[in-house]
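Let me begin by presenting the structure, written as structure tokens, before commenting on it.
None of the figures in this text is laboratory data; all of them are computed from the coordinates on show. Quick caveat, the model's predicted, so the values are computed rather than measured.
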Amino acid sequence: TVLFDTISNLMYKQINGRIAEALLYLEKEVYNESSIFPLLARKDIADFAGTTTESAVKILKSFEKDGIIKLEEKNIIILNKNLLQEISKKG
């Protein structure tokens, strides 16, 4: 079912939802809240979410403007996990 969930996320969610899902997944599921984001390029996050680098950067900046995340050079700090989860669910 994990593969089905992953495929449906890529097929049916809008870009905001896919980026939110990728950030949550990378932070919690894969790296157990360690600071993995400085090790990833924006292209890596975009590839993980199934979108272009330009779109990913635009969404990340939008999330920062809305106070959901904070961007510090290559690092991404999640400030409002509940809102990020809501964006992920609504897709």
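Scaling against 2.2 N^0.38 Å puts the C-alpha radius of gyration of region 46-91 at 1.12. Amide hydrogen proximity for L79: with H placed 1.01 Å from N in the peptide plane, the residues at 5 or more positions away or on another chain lying under 5 Å are I69, K70.
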